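Each value in this text was obtained by applying a stated rule to the coordinates, not by laboratory testing. Note that this is a predicted model, so its numbers are computed, not measured. Here Cβ is always computed from backbone atoms with ideal geometry, including for glycine, and neighbour counts include all displayed protein chains.
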Amino acid sequence: MASTELSLALYRKLYLIRKSEELIRIHYAEDEMKTPMHMSMGSEAIAVGICHALGREDQVFGSYRSHAIYLAKTGNSDDFFAEMYGRATALLKGKGGSMHMCAPDFGFMGTSAIVAGIIPVAVGAAFASKRQGKSRVATVFFGDGAVDEGDFWESLNLACLMKLPVLFVCEDNGLAVHTPARARHGYRSLADIVARFNCRVLRSDSTDVEVIYRLARRAITAIKTAEMPCFLHLRYYRYLEHVGVNEDFNAGYRSEDEFREWYQRDPVHLQRARLLQQGIDEAKLASMEKEIDRQVESSLKMAKTAPLADASELYRCVFAE
């Protein structure tokens, strides 16, 4: 893919995610979306850069902060908003909500609200792929709070021992809800500890989606050529509260000055500025943005008017048939 084409494709995904969450912020107070929201604003470059580097057949698993990775992997805003509103038109019929998104046809295998609970599932999927002789990579996204759980370390150890095709992606905002890493970790560097395993480790503090994309390509190549898992340690800043659609700078655990510093490197704004520097016409960009605006507004409108799932759906897909 040519450089400008790549830059445009990445920006399209960034803008889709940002616009979708902006609409959630506008409409959430109407109380029609009966699901807790863990918003992705500030982390979009991680989801977009990595998911764009993956193939359609590669599998993705995530935590409860799922919006960005779902939209980056699928681009399906219709199903996204239908699930937010709990409608019958959604793949999961409203049983998943914001924290349990799923789209297997796109390789988006599911997310979990249990901290670190999805990590061993992704390792199991990688084990299955290896046994079946398939070349796909299992990528699992989780926050830095998940590394405080035994599930992470046991999964990492097994993946390294068995040389499984797993891409571990730690989206590190330095917080487990409100608790900073310094109050949780009896060590200085997570990446340095993981590097002691038989695992390739790559890290970045960048909010530039193209930096993340190139890093992800390196990681995928390492997984396939060296036959070992890879760990990406990526820092970002969560713009909104841990759960909800508002800012929380008055809560006392972080400052608005810190937000302003990170916002100077906002991933959506950085990529738009790059496109202008590459000579993309402002009118072309504005036209693309309006197209995405219409897409997500249409998706939201359809979701609000679609029927709710019948009560019988509660009993479907509970047990294997």
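What is the one condition in (1) under 21 Å from Lys304 (Cβ atoms); (2) over 17 Å from the mean Cα position of the chain (by Cα) that Gly97 does not satisfy? In the conditions (1) under 21 Å from Lys304 (Cβ atoms); (2) over 17 Å from the mean Cα position of the chain (by Cα), Gly97 misses (2) alone.
Hey, does segment 199-213 have a residue that's without any contact (Cβ under 8 Å) to a residue 40 or more places away in the chain and part of a loop (DSSP other than H, G, I, E, B)? Scanning segment 199-213, I find at least one residue that is without any contact (Cβ under 8 Å) to a residue 40 or more places away in the chain and part of a loop (DSSP other than H, G, I, E, B), so the answer is yes.
Being among the charged types (D, E, K, R), more than 27 Å from the chain's Cα centre (by Cα) and loosely packed, with under 11 Cβ neighbours inside 10 Å, is that true of even one residue in segment 285-295?
From segment 285-295, those among the charged types (D, E, K, R) are 289-291, 293-294; that's our starting set.
Filter once more, so that each one left must be more than 27 Å from the chain's Cα centre (by Cα): none.
Checked segment 285-295: no residue is among the charged types (D, E, K, R), more than 27 Å from the chain's Cα centre (by Cα) and loosely packed, with under 11 Cβ neighbours inside 10 Å.
Number of residues in segment 23-47 that are under 19 Å from Thr207 (Cα atoms) and in a helix (DSSP H, G or I): the value is 4. Listed by position, the helices (runs of 4 or more DSSP H) enclosed by segment 250-321 that each have at least 1 residues that are closer than 24 Å to Phe81 by Cβ and of a type outside the set (Lys, Arg) are 267-277, 282-305. Highlighted here are the strands (runs of 3 or more DSSP E) found entirely within segment 54-167 that include at least 2 residues which are touching a Cys at 6+ places or on another chain (Cβ under 7 Å) and crowded, with 19+ Cβ neighbours inside 10 Å: 108-112.
Among the residues making up segment 219-249, those that are closer than 18 Å to Ser129 by Cα and not in a loop (DSSP other than H, G, I, E, B) are Ala219, Ile220, Thr221, Ala222, Ile223, Lys224, Thr225, Ala226, Cys230.
Residue check: is Gln271 surrounded by 14 or more Cβ atoms within 10 Å (Cβ to Cβ) and either under 16 Å from Ser7 (Cα atoms) or free of Cβ contacts under 8 Å to residues at least 40 places away in the same chain (or both)?
Details: surrounded by 14 or more Cβ atoms within 10 Å (Cβ to Cβ): yes; either under 16 Å from Ser7 (Cα atoms) or free of Cβ contacts under 8 Å to residues at least 40 places away in the same chain (or both): yes.
It is true that Gln271 is surrounded by 14 or more Cβ atoms within 10 Å (Cβ to Cβ) and either under 16 Å from Ser7 (Cα atoms) or free of Cβ contacts under 8 Å to residues at least 40 places away in the same chain (or both).
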